[in-house]
1. In deg cm²/dmol, rounded to 500, what helix-only [θ] at 222 nm does the chain give when every DSSP H run of at least 4 residues adds -39500 (n - 2.57) and the total is split over its residues?
2. Once the mean 1/r over all distinct Cα pairs of region 7-128 is inverted, what Kirkwood radius in angstroms do you read off?
3. Amide H of Asn117: which non-local residues (sequence gap of 5 or more, or other chain) have their own amide H closer than 5 Å, using H built in the peptide plane?
4. What are the residues whose amide H is under 5 Å from the amide H of Arg393, where those residues sit 5 or more places off or on another chain and H is modelled from the backbone?
5. Within a Cβ distance under 10 Å of Leu11, other residues only, what is the Lys/Arg minus Asp/Glu net charge?
6. Name the residue from Phe232, Ser73, Leu61 whose Cα lies farthest towards the positive end of the charge dipole of the chain, charges +1 on Cβ of Lys and Arg and -1 on Cβ of Asp and Glu.
7. Mind listing the long-range amide H neighbours of Arg377? Cut-off is under 5 Å, sequence gap 5 or more, other chains count too, H placed in the peptide plane at 1.01 Å from N.
8. If you count only protein heavy atoms with a 1.4 Å probe, what accessible area per residue comes out for the chain, rounded to a whole Å²?
Amino acid sequence: MVKYKFPEGFLWGTATASHQIEGDNFYNDWWEFEKQGKVKNGQVSGKACDSWNRYEEDFDLIEKLNNNAYRFSIEWSRIEPEEGRFDESALERYRSMLISLRRRNIEPFVTLHHFTNPLWMAKRGGWLNPDIIDYYLRYVKKIVSEFKDLVNYWMTINEPNAYAFMAYLYGQFPPQGKSLIKMLRVLNNMAKAHAKAYEVIHQISPDAKVSIAYNVIYFEPKNPNSFIDRKFANFGDRIYNRVFIETLLTGKFSSPFIKEEIPYAKNTLDYLGINYYTRILMGLKMGSPEGETSDFGWEIYPEGIYKVVKRFYGLTKKPIYITENGISDAKDEKRPKYLISHLIQLHRAIEEGVDVRGYFHWSLMDNFEWAEGFLQRFGLFETDFNTFERKWRESARIYSEIAKNNGITEAMEEKFLK
């Protein structure tokens, strides 16, 4: 018996990103970064999951998961490998993918930028160069004009906050910057790019739904009674969670070091895509996570998804889709519990009036996890990177049943949470 029933028409899906699964993305900054030995163990994406050639096989799996939606990204560097030259064969391949999904009654959610930049653009300063906004808009116009008949849901940028932090503050993504000011300048340029893309997409496809996929970390003070720890948590939350999203709500970019009125950015969300994985305890003594962790070392904190969607629905008053949620768990020992516990917390938020309309598990299959290479395994399906075989994990079977039932049964809760 289904105990936690989700709303009628709820979207169940998985999420992927082009560079992580397609293979042979020769023309972007990550390919160059990998060749320089910057990824763990010197790994390179190479053929990745070979999904550029095996997408029908992947879509078969999505069907078997009883999913009615799929989030994936279009690789800018495939579309425009050299400035101003659009690759028609790449456009045709993406059109074939979209037609195949439509044929299967699977709703595509398309991300236009997911961490990678064309090499020609990266060499001009990437997102630090304000000119990128015009380059990006040219690409957006091309894609949306080509596929407006097949796509209802667009995401302009995946995790602008995570991208800016990893590439320009922590230095773990290309171009390995380590500057708070540069990170904020990148965030500012991305906010402008999103806002202008929002307008462009609606000019071309008036009924389209446009958003971002936004990474939200649940920050808490390590010691709630400590004034300093509370200050740390609030600063982390402001810089990481609030600056970008508030720009899209108010038209004001307000960070500790950069303040700018961007009036055209106001109200440029039709829905909100939220990527939630973990909580971080902030304080003078950071220490290790308090609860159970994933293979990545991230704390497993299901209640965070409830708290995050409650808060951001209150902020935006927009429908929410969980555009990523998942766990690195090579042995698939923790994923079933992770999946069910997070969905129960999501259901709790829905019961309390939060308009959540879909859930996309990260990820469909094990793939190339950026600076971690192939070490972190997020897939519902295990990938053999030698043969490209996709193997069912128990969590995939569970997710298939959840999607089929549009909810979680008492038996599932009893087996995995009690």
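The values are calculated or read from the model by the stated rules, or taken from the named source; none is laboratory data. A quick note: this is a predicted structure, and the numbers were derived from the prediction, not measured. A quick note on method: Cβ atoms are made from the backbone with ideal geometry, for glycine too, and the neighbour counts reach across all protein chains shown. These area figures cover heavy atoms from the full protein model, side chains too; ligands, DNA and RNA do not enter into them. Shrake-Rupley method; radii C 1.70, N 1.55, O 1.52, S 1.80 Å.
1. The helix contribution divided over the chain gives -12000 deg cm²/dmol.
2. 15.5 Å
3. The list, which skips near neighbours in sequence, is Asp29, Trp30.
4. Under 5 Å from the amide H of Arg393: Glu382.
5. Combined, the nearby Lys, Arg, Asp and Glu give +1.
6. The Cα lying farthest towards the positive end belongs to Phe232.
7. Asp329, Ala330
8. Per residue, the chain has an accessible area of 39 Å².
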